[in-house]
Structure formats: C-alpha cells, structure tokens
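The values are calculated or read from the model by the stated rules, or taken from the named source; none is laboratory data. Quantities reported herein were computed from a predicted structural model and do not represent experimental measurements. All Cβ positions, glycine included, derive from the backbone under ideal geometry; neighbour counts span all protein chains shown.
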Amino acid sequence: MDRRNFIKFSVSLTLAGAPSWANSTPRINPNRLLVIMLRGGMDGLAAVPPVGDPALQMLRADLIPTGLLKGDQFFGIHPALPTFAEAMTAGQALAIHATGFRYTGRSHFEGQDIMQSGVMKPYSSASGWLGRAMQAAQSTGGVALSIPMPLLLRGDSASETSYPSWMQAPPKATYELVAQLWAKAPELKPYSSRILETEVGRLSPDGTPEPNQQRRSAFSLAKDAAEKMQAPNGPIVGVLDLHGFDTHAGQGAADGLNATKLKQIDDAINGYRAGIGARWAQSLIITMTEFGRTAGVNGTLGTDHGWGSCVLATGGLVKTKGIVSVWPGLNKSQLFEGRDLKATVDTLAIYADAIQSVFGLPPELIHKDIFSFARDSFDRRLFV
C-alpha cells in the first residue's frame, strides 16, 4: 500500500462499527475495547517478520523463527501467535507495521508515559488518552487488570483496578459468610452481593479457589476482564498490563524469551474471546508498546531499544484484515540513525480510529481534547 492510499485508509475509519456521535446524553454503548500494554518495547520485527525484505536475513538471521504462520507474501506471523493468525484468516485481525510514536528518546519511563498519556511531552499530563476518551463519551467506566491504576485510564473516575491477590483465596463458604455479615451493615450492604459476584465466579464448581498463578496468567486476566465487560452495564474498556518485552539478551527465535512473551499476547486474545461470548462481534483488542527494538542483533543475542514496532488488532470491529504498512525498508541507509526500523505510521492515528470505532466520538473532538497535537496536522499525523 502506497502512502497516498494509506492516508485514505487511516483518515477514514480503519475499524468497523463506529456509531454516529449523538450529543452529550448518556447512552448504552454495546462496543468493548481491550488494550494490551506491552511494556519494555515489543519487537515488531519478530512478531510480524518482513521475510520479503532481503536485509532481514543479514540483520538478524539468529532471530528469525522457523515455522512462521501465514501473513501475506511479504510478512509472516510468529508461531507463538496462532490465535491471532487464525483471527486474521477469519478476517478479524489486522497488523499495522512500522508504527511508533513521535518520541525517539528510547527511555522506557518517558516512552511509557507518552504511550499512555497520548501527549508527546513526558510527564506533562495527569490523565491518559483512554480515560479522556471515556469521559468524553460518558462511558460506564473501565477495568484495569493491574495493581496500580495505569495512567492510560486516569481521567475517568468510574474506572477501577482488579488484580488477584498473592494470598490464596478462601473457599466459597467464607465469601457467603462475609456477604451475610456485610448485608447487616448499612455502609457495607451495597457490596455484600458484589463480593459474591466478583469472587465466587473464580472458584471451581466444588467451591475451592483457583490457584493463584493460574489466576494471574494472561489468559485468566483477560478472561476475567471480558466477563466483567460482557454485562450490558459492564465496563466498556479493559486494560491488561503485560511486562517483560525488554529482550536485551537471549531473545530467541521460534522458542525462548521473546516467544514466551508473544504467547502471552496470544493467550490474552484467547482468554478475552472465551470470556466475552457473543460480544466478540462488538469487540476490539489492540496492543500498545512504548517503542520497538533495534533491527540488528546485539552481542548477547538480543535486541536493544529501537523505534518502529507494530500494532496488533483483533476482534469483530476490525474492518481491514491482513497486514498494512508503509514499509520503509531495512537496508542501513533506510534505518533510523542506521539502527532502527523507521516508524512511518503514527501510532496515535491507529488509536484515534479505535476511539472513533468504539465510542463514536467525532474526529474533531478526538483531535482537540484527547490527543494533544494541532488540528491541522491530523491528515499528516500518520507519519513521522
């Protein structure tokens, strides 16, 4: 796809199902959004390797996995992403390659602040772009599968966090007793039924608690979020916070550290799909990471902080299947500063499309109140 057509693709809705913006009257939104944060800098060249670029073999022969899943004639899909590849075959998944923020500083702290705030100046915003979008859309709140409330959701007072305790959960009888006691206290009564709804659902049929590590897996966390989001008045958005994508050493190819991390993404997609049920048709899952990795391998068979990466999107709201990219090339002269994949698509353009699709907010509001960049740069925001 050339640049002219990609602009048309990006300025229009990339994702289907965007309702029209009515007014400020609260409304029931059937759509659901799960954002998977990949902290550390996900290697887009490993997740969706451009095998059609001859420079890839010269740059990272030791990191190209065997057994690639079908992408298209130019790109493959890492074998640790079978659920994503299956969804792409079904027309419900999209990879946008050579993406990135306009930040090129390679600092985890600054990059993660920018990816969550949507503001290009680090530490200058107390709210996140998703929290601002929810507030503008008067949504029913969000849920973060995280111990602290991520910056991404701040700005929406109805959002909450939920994460399994490190302590072993008590049996069902204990929850029932606590609920009975709380029902007799006016200040606790509103929560007496909620403790049963949220906790007993995680117990096995015999009333015994699920093992803690199993509850903390990417599959279980995403499934838990989806079950909350499935309710008609449930949270519209969920945020899953995955760490460990900073693969400086021993990254591996088809197996190893990076494959294990990519499998977590696939498990999260699988878990969400299992938990959301029929709302999969009204769902969008999208990934975000602060930056990519270097195009070449370092001395410890890993990759260092880079720039361009890729965004994975799946769900029933995906309109354009396959892999889309304004590919910059991997020859040394084509790399950013001679070492990184160039980001030719502004990641915020993708998230603006997601907001339009899920919340039905008008582009004018999105580019004025949610992302902090000039309105007249909207048509060019896809490119660095």
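Residue under question is R106, and the condition is that it be more than 16 Å from the chain's Cα centre (by Cα) and in a loop (DSSP other than H, G, I, E, B); does it hold? First the steps, then the outcome.
Values: more than 16 Å from the chain's Cα centre (by Cα): yes; in a loop (DSSP other than H, G, I, E, B): yes.
Here the answer is yes, as R106 does meet what is asked.
Residues A144, A61, A80: which one is more than 23 Å from R32 (Cα to Cα) and buried (at least 22 other Cβ atoms within 10 Å of the Cβ)? Show your work before the answer.
On the way: A144 fails: more than 23 Å from R32 (Cα to Cα); A61 fails: buried (at least 22 other Cβ atoms within 10 Å of the Cβ).
Exactly one residue qualifies, and that residue is A80.
For segment 148-173, how many residues are more than 18 Å from L33 (Cα to Cα) and modelled with pLDDT of 85 or more? Walk me through how you get there before you give the answer.
The first filter runs over segment 148-173 and keeps only residues more than 18 Å from L33 (Cα to Cα), leaving 148, 163-173.
Now restrict to residues that are modelled with pLDDT of 85 or more: 148.
Qualifying residue count, segment 148-173: 1.
How many of the residues in segment 184-204 are surrounded by 14 or more Cβ atoms within 10 Å (Cβ to Cβ), at pLDDT 70 or above and assigned to a helix (DSSP H, G or I)?
Here the count works out to 3.
G131 is checked against (1) over 15 Å from the mean Cα position of the chain (by Cα); (2) more than 22 Å from A46 (Cα to Cα); (3) not in a loop (DSSP other than H, G, I, E, B) and fails just one. What number does that condition carry?
(1)
Could you list, in sequence order, all residues of segment 292-314 that are touching a His at 6+ places or on another chain (Cβ under 6 Å) and either of a type in the set (K, R) or surrounded by 24 or more Cβ atoms within 10 Å (Cβ to Cβ) (or both)?
C310
Which pairs do you get when a residue that is under 17 Å from M149 (Cα atoms), found in segment 225-245, comes within reach of a residue that is of a type outside the set (A, V, I, L, M) and in a helix (DSSP H, G or I), reach meaning Cβ atoms under 7 angstrom, with the pair 6+ apart or on two chains?
What qualifies is A225/Y272; P235/K228; L242/Q264.
Mind listing just one residue for me: the one in segment 265-283 that is under 14 Å from the mean Cα position of the chain (by Cα) and surrounded by fewer than 24 Cβ atoms within 10 Å (Cβ to Cβ) and, of those, nearest to L68 (Cα to Cα)?
Going through the qualifying residues, I end up with D266.
Check M115, M58 and return the single one that is free of Cβ contacts under 8 Å to residues at least 60 places away in the same chain and not in a loop (DSSP other than H, G, I, E, B). Steps first, please.
Values: M115 fails: free of Cβ contacts under 8 Å to residues at least 60 places away in the same chain.
From the options M115, M58, the qualifying one is M58.
Do we find that L317 is under 30 Å from Q57 (Cα atoms), buried (at least 19 other Cβ atoms within 10 Å of the Cβ) and either at pLDDT 95 or above or aliphatic (A, V, I, L, M) (or both) in this structure?
Values: under 30 Å from Q57 (Cα atoms): no; buried (at least 19 other Cβ atoms within 10 Å of the Cβ): yes; either at pLDDT 95 or above or aliphatic (A, V, I, L, M) (or both): yes.
So L317 fails the test.
How many residues, within segment 153-195, are within 29 Å of the chain's Cα centre (by Cα) and under 21 Å from Q230 (Cα atoms)?
Of the residues in segment 153-195, 12 are within 29 Å of the chain's Cα centre (by Cα) and under 21 Å from Q230 (Cα atoms).
I96 versus (1) at pLDDT below 95; (2) in a loop (DSSP other than H, G, I, E, B): which is the lone unmet condition?
That leaves (2) as the condition not met.
Considering A231, A253, A222, which residue is of a type in the set (A, V, I, L, M, F, W, C), modelled with pLDDT of 95 or more and over 17 Å from the mean Cα position of the chain (by Cα)? Full working, then the answer.
Details: A231 fails: modelled with pLDDT of 95 or more; A222 fails: over 17 Å from the mean Cα position of the chain (by Cα).
Exactly one of A231, A253, A222 is of a type in the set (A, V, I, L, M, F, W, C), modelled with pLDDT of 95 or more and over 17 Å from the mean Cα position of the chain (by Cα), namely A253.
If we keep just the residues of segment 341-362 that are of a type in the set (A, V, I, L, M) and part of a helix (DSSP H, G or I), which is surrounded by the most Cβ atoms within 10 Å (Cβ to Cβ)?
Filtering first and then ranking leaves V358.
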